[in-house]
Ligand SMILES: [Zn+2]
């Protein structure tokens, strides 16, 4: 599989960006500085009612751990992506995006930057309001299910330059937030940027 880069952008810390990815293109999500979560959502480009669906993906895979070669599914139970490269091997698709209420209720902080606002802003040109933004795939998030049924809350295991590559199986609008959580250890208490690259596959 030969990759030819056709687009690249940086999602600055505490923000979100959208990118269009065509069927048979590869989206590379890069942790540029390490220990940084990237919340990722996707919708079909020609029908925004079909979205990447974390709940149905857990249901179809029968687990809440992702492996290279796994397909990620839509709310129509169609495959949206297949994981073709995974440098880290630890991601989450059980948590909601962090949102303003999370910081108000959990930390007593109002107006904190958050992934739901970042994703909503990135998707605004496509007509998404906040309540239509699906629950994200949390790339690099290190919150594994524990034997007692609780989730761990560890710092992301990704090192600078580590990436996840997703082969798109339909034409998509993808939005990614560089997670703004700086009040727990999940981003090493130092949120940084995420790189996005899109490749044609020869
Ligand atoms: Zn977040």
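Tabulated results
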read-out: Test result for residue 121, modelled with pLDDT of 95 or more and either within 16 Å of the ligand (Cβ to nearest atom) or closer than 23 Å to residue 34 by Cα (or both); value: yes
read-out: Residue within the range 154-169 that is within 13 Å of the ligand (Cβ to nearest atom) and more than 21 Å from residue 35 (Cβ to Cβ) present; value: no
read-out: Given (1) farther than 19 Å from residue 93 by Cβ; (2) more than 16 Å from the ligand (Cβ to nearest atom), number of the condition residue 21 does not satisfy; value: (1)
read-out: Only one of 70, 86, 92, 99 that is without any contact (Cβ under 8 Å) to a residue 60 or more places away in the chain, closer than 18 Å to residue 31 by Cβ and either buried (at least 17 other Cβ atoms within 10 Å of the Cβ) or more than 15 Å from the chain's Cα centre (by Cα) (or both); value: 92
read-out: Contacts under 9 angstrom Cβ, first residue in the range 173-190 being closer than 14 Å to residue 140 by Cβ and without any contact (Cβ under 8 Å) to a residue 40 or more places away in the chain, partner part of a strand (DSSP E or B) and away from the ligand (no atom under 11 Å from the Cβ), 6 or more apart; value: 185/154
read-out: Filter result for residue 47 (modelled with pLDDT of 95 or more and surrounded by fewer than 18 Cβ atoms within 10 Å (Cβ to Cβ)); value: yes
read-out: Enumeration of residues in the range 17-32 that are more than 15 Å from residue 80 (Cβ to Cβ) and buried (at least 19 other Cβ atoms within 10 Å of the Cβ); value: 17, 18, 30, 31
read-out: Residue check for residue 187: within 16 Å of the ligand (Cβ to nearest atom), outside any strand (DSSP E or B) and either at negative phi or modelled with pLDDT of 95 or more (or both); value: yes
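The values are calculated or read from the model by the stated rules, or taken from the named source; none is laboratory data. Because the structure is predicted, anything quoted here is derived from the model rather than measured. Cβ sites come from the backbone with ideal geometry, for glycine too, and all protein chains shown count toward neighbours.
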